[in-house]
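Beneath this line is the structure, given in structure tokens, with notes to follow.
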Amino acid sequence: MRQKNNSQIKSGAIISYAGIIISTVASLLYTPWMKNQIGDANYGLYTLVGSLVAIFLMDFGLSTSVTRFISKYRAENNEIQINNVMGYVFKLYIAIDVVISIVLIIVYLLIDNIYVGLSISERDTLKKIFLIFATYSVLAFPFTPLSGVLNAYEKFVWLKICELFQKLFAIFLTVVALLIDYGVVALVLMNAVSGIATILLKLWIVGKEKMIRPNFWIHDKVLLRELFGFSIWVTVLALAQRLIFNIAPSILGITSTSIEIARFAPASQLEGYFFTFAYAINGLFMPMVARLDYNMDNRGIENIMIKVGKYQVCVLGLLFVGICTVGTEFIELWMGSEYWISGICTVLLIAPSIFLYPQQIANTLLSIRNKVKYQAMSALIIGAINVVLSFVLTPQLGALGSSISICVAFLVNLVLLNIVYHKVLHLNLKQFYKVVYIRYVPPIFLAIIITQFILRYITYSNWLWLMVKIVVCTTVYLMLLFMIGFSKEEKAQITSIIRKRLKI
């Protein structure tokens, strides 16, 4: 069983990374073309409406609850409780969906009063695409738990295939819509079609595998109280997280212009890719961590946290070095010279994540031990910090001010969460910092300094020379990582693998 689960994790990770690379490359190729087809202002509106709907459309903690409770009851071999939980979850989703529908209708009616920084024609366009986004979101919302079910049953391969399908199908339909010259409204409609198709695929998988049989007639007050007790805090966490990236375009729409929203969009998009790489494997470990916690194996959890943390720092470090050294040049070539500020914004958005994302196993443990309230309180604090700073900085600095606010908020979040991991979860962070950060972070910053010095002598700026610079960044970073980052044992393992591959 364990071997099969490990195989699912490996296969899921491989498909996840392959999917990330394919969808990222495809998205990077078509985004500037899309922007040129619909215009800078409409691109800003497209970004705005997506973030606006996302503020209201959240799963209120129930999706995380699905994964957490199913993983817990699977560890206990309690299939009856799994079906009971799913019965409650689906009924709650339908009830919440009705409330969300009412809220979205109210927002639609108030668009003219909220986004006074936009022109009349821009607000008219915003209403049209908001209506499509909102309608799709309301229809799709009750099916949100399906991803949690696939994750909890360790069907990582199917889950990652669904995610890849949705991204690629959305890009394909978007390209078709723009080639026919249907504009930004059709762009939004195509995203909705791809989302519905993905839901149907997930329903087919869950039905084919016979994973759950929701008990809609369940009346278990203890289970309902436990489900609500966990979900309420995850709801608070989800609400607070909306006060970071999702609210940024709306604040810019209030205090600045659609052009500043458009300039923030590439930075937010690249941060999203960075986040996707960071979370490509972390979500695969909840069932395993749940089993270790059920067996009270804290040492085993700390070992997984260190292994995943080392891996994450190495991978994310390479991406961060590239963004710091050639990020601005890449965005200028990708989106146009008027978007140069987006490169600085990207560095600000990503910098805290080098320390934050490698600790996601600890975040997973917070969910499993029902300690999400501490994470939620931290998110509320940083959300408030971000909103206040954004309204102070964005009127003068636009997208740059929004990025500075988010960077400061994430740094505060890092400090608060580390206090929680130490005081509440009783994790050995001293060992984690020693093995992960102290060993693997210095090569990142050394690589940035050395690469910046080398690239001063490469003054050409086109796609070919950008690839040359990326190769230089990668080479310098990997050399430094091998020389001063890896331990003797890791160096020996890598050398052995290379020799076997080369048959030396």
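Here, each number is a calculation from the coordinates, and none is a lab measurement. Every value quoted in this text rests on a predicted model; they were computed, and no experiment measured them. Cβ placement follows ideal geometry from the backbone for every residue including glycine, while neighbour counts extend to all protein chains displayed.
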Completion exercise
Measuring from its Cα centre, the chain shows a charge dipole (+1 at each Lys and Arg Cβ, -1 at each Asp and Glu Cβ) which, in debye to the nearest 20, is 1940
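Run the numbers for Tyr294 and Ile497: contour at 0.36 nm per residue of separation, minus the present Cα-Cα distance, in nm. Could you put the intermediate results ahead of the total?
Working: separation 203, 0.36 × 203 = 73.08 nm, distance 3.58 nm.
Once the chain is fully extended between Tyr294 and Ile497, it gains 69.5 nm.
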Fill in the blank from the handout: Taking Cα pairs closer than 8 Å and at least 6 residues apart, the relative contact order of segment 66-191 in percent is 30
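Can you figure out the FRET efficiency of Leu131 with Leu28, using R₀ = 30 Å and their beta-carbon distance, to the nearest 0.05? Write down the numbers at each step before the final one.
Details: r = 29 Å, r/R0 = 0.97.
For Leu131 and Leu28, the calculated efficiency is 0.55.
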Problem - Mean Cβ neighbour count within 10 Å, used as a protection proxy, ranking 114-123, 462-471, 346-355, 69-78 highest first - result: 346-355, 69-78, 114-123, 462-471
Exercise for the section: Using only the alpha-carbon atoms of segment 256-504, report the extent along each of the three principal axes, biggest first, to the nearest angstrom. Expected result: 57, 56, 25
Problem - Expected 222 nm ellipticity per residue - DSSP helices of 4 or more, -39500 (n - 2.57), all of the chain, to 500 - result: -27000 deg cm²/dmol
Exercise for the section: With label points built 7 Å along Cα→Cβ from the Cα atoms of Ser487 and Val103, find their separation and express it in nm. Expected result: 4.7
Problem - Relative contact order of segment 256-504, pairs being alpha-carbon contacts under 8 Å that are 6 or more residues apart, as % - result: 25
Exercise for the section: Between Phe445 and Lys423, with labels modelled 7 Å along Cα→Cβ, what's the label distance in nm to one decimal, could you check? Expected result: 2.7
Practice task
Loop only per DSSP, at most 12 neighbouring Cβ atoms within 10 Å: give me the trypsin sites (Lys or Arg not before Pro) in segment 343-427, ordered by residue number.
Solution key: none
Problem - Label-point gap, in nm, between Asn36 and Glu79 - each point 7 angstrom along Cα→Cβ - result: 5.7
Fill in the blank from the handout: Note on the chain: contact order normalised by length, alpha-carbon pairs under 8 Å, 6 or more apart, percent, works out to 20
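Calculate, in nm to one decimal, what Glu209 and Gln431 gain on full extension: separation in residues at 0.36 nm each, minus their alpha carbon distance. Don't skip to the answer; put the middle values down first.
Working: separation 222, 0.36 × 222 = 79.92 nm, distance 4.13 nm.
Difference between extended and current length: 75.8 nm.
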Fill in the blank from the handout: Site Tyr460, offset 7 angstrom along Cα→Cβ, radius 18 Å on amide nitrogen, limited to segment 307-340, gives 326, 329-330, 333-334
Exercise for the section: Quick one, can you get me the convex hull of the C-alpha atoms of the chain expressed as volume per residue in Å³? Expected result: 159
